[in-house]
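Q: Below you'll find the structure I mean.
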Amino acid sequence: MSRIGKRPITVPGKVTVNIDGQHIAVKGPKGELSRILPEQVTVEQDGETLRVLRRDESRAARQRHGLSRTLVANMVEGVSQGFEKRLSIQGVGYRAQVQGRNLILNVGYSKPVEIVPPEGIQVAVENNVNVIVSGINKEIVGNTAARIRAVRPPEVYKGKGIRYANEVVRRKAGKAGKK
């Protein structure tokens, strides 16, 4: 049995869940999310808890059990609290700014890089070097943060680039030089 899949999901009071066959819709104070779950799993609601169950013991059902439970749990958490990813820009002259909805990155290229966030994602900048990506869909928040990081990944010799706020970049020693 999947250790993740058998854990119940607690639904906060201000969140409503609508289950229609394989289609699940979750509505809360931050917004609304919906998803079609794989046919191998079912979702049951009893009161303030949701349980994701397998239809049978096939390999495909076992593979999708924990995944489906995590997806539903992320939907419930997203519409109630939201998700946030923080990135940090390091390097002399590297900075970021928000223009309208778009993020403008000056990270050592000849021209600034403009990133247009997807619908439902907010981007904010603190102190010109800290970028905050927030939204209700964990998958899209993570993908947007990864796209921003991919513009200039951290470099291992000087540590310059865009990194996640909690990311540790192992530095390499440069050339040893002559004696």
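Q: Considering only the range 109-121, I want to know if a residue exists there that is among the aliphatic types (A, V, I, L, M), free of Cβ contacts under 8 Å to residues at least 24 places away in the same chain, surrounded by fewer than 17 Cβ atoms within 10 Å (Cβ to Cβ) and assigned to a helix (DSSP H, G or I).
A: Taking every residue of the range 109-121 in turn, none turns out to be among the aliphatic types (A, V, I, L, M), free of Cβ contacts under 8 Å to residues at least 24 places away in the same chain, surrounded by fewer than 17 Cβ atoms within 10 Å (Cβ to Cβ) and assigned to a helix (DSSP H, G or I).
Q: Right, here's the next one. State whether the residues of the range 69-82 include one that is in a strand (DSSP E or B) and either among the β-branched types (V, I, T) or touching a Pro at 6+ places or on another chain (Cβ under 7 Å) (or both).
A: Checking the range 69-82: not a single residue is in a strand (DSSP E or B) and either among the β-branched types (V, I, T) or touching a Pro at 6+ places or on another chain (Cβ under 7 Å) (or both).
Q: For the range 1-24, which positions are touching a helix residue (DSSP H, G or I) at 6+ places or on another chain (Cβ under 9 Å), of a type in the set (A, V, I, L, M) and in a strand (DSSP E or B)?
A: Answer for the range 1-24, where residues must be touching a helix residue (DSSP H, G or I) at 6+ places or on another chain (Cβ under 9 Å), of a type in the set (A, V, I, L, M) and in a strand (DSSP E or B): I9, V17, I24.
Q: OK, next. Being polar (S, T, N, Q) and touching a Ser or Thr at 6+ places or on another chain (Cβ under 8 Å) narrows it down to one of N130, N102, so name that one.
A: N130
Q: Taking the residues in the range 17-33 that are over 15 Å from L53 (Cβ atoms) and without any contact (Cβ under 8 Å) to a residue 40 or more places away in the chain as candidates, determine which candidate is surrounded by the most Cβ atoms within 10 Å (Cβ to Cβ).
A: A25
Q: Okay, next question. Hey, any hits in the range 60-69 for a residue that's under 16 Å from N137 (Cα atoms), open to solvent by 20 Å² or more (accessible area, probe 1.4 Å) and either in contact (Cβ under 8 Å) with a residue 60 or more places away in the chain or not small (G, A, S) (or both)?
A: Yes - at least one qualifying residue is present in the range 60-69.
Q: Of all the residues that make up the range 35-59, how many are touching a residue at least 40 places away in the same chain (Cβ under 8 Å) and either within 22 Å of V79 (Cβ to Cβ) or among the acidic types (D, E) (or both)?
A: Residues flagged as touching a residue at least 40 places away in the same chain (Cβ under 8 Å) and either within 22 Å of V79 (Cβ to Cβ) or among the acidic types (D, E) (or both) within the range 35-59 amount to 5.
The values are calculated or read from the model by the stated rules, or taken from the named source; none is laboratory data. In this text the structure is predicted, and so the values were computed from the model without any measurement. Heads up, the Cβs are rebuilt from the backbone with ideal geometry, glycines too, and the neighbour counts pull from every protein chain shown. Just so you know, the surface numbers come from the protein's heavy atoms only, side chains and all, with ligands and any DNA or RNA stripped out. Shrake-Rupley method; radii C 1.70, N 1.55, O 1.52, S 1.80 Å.
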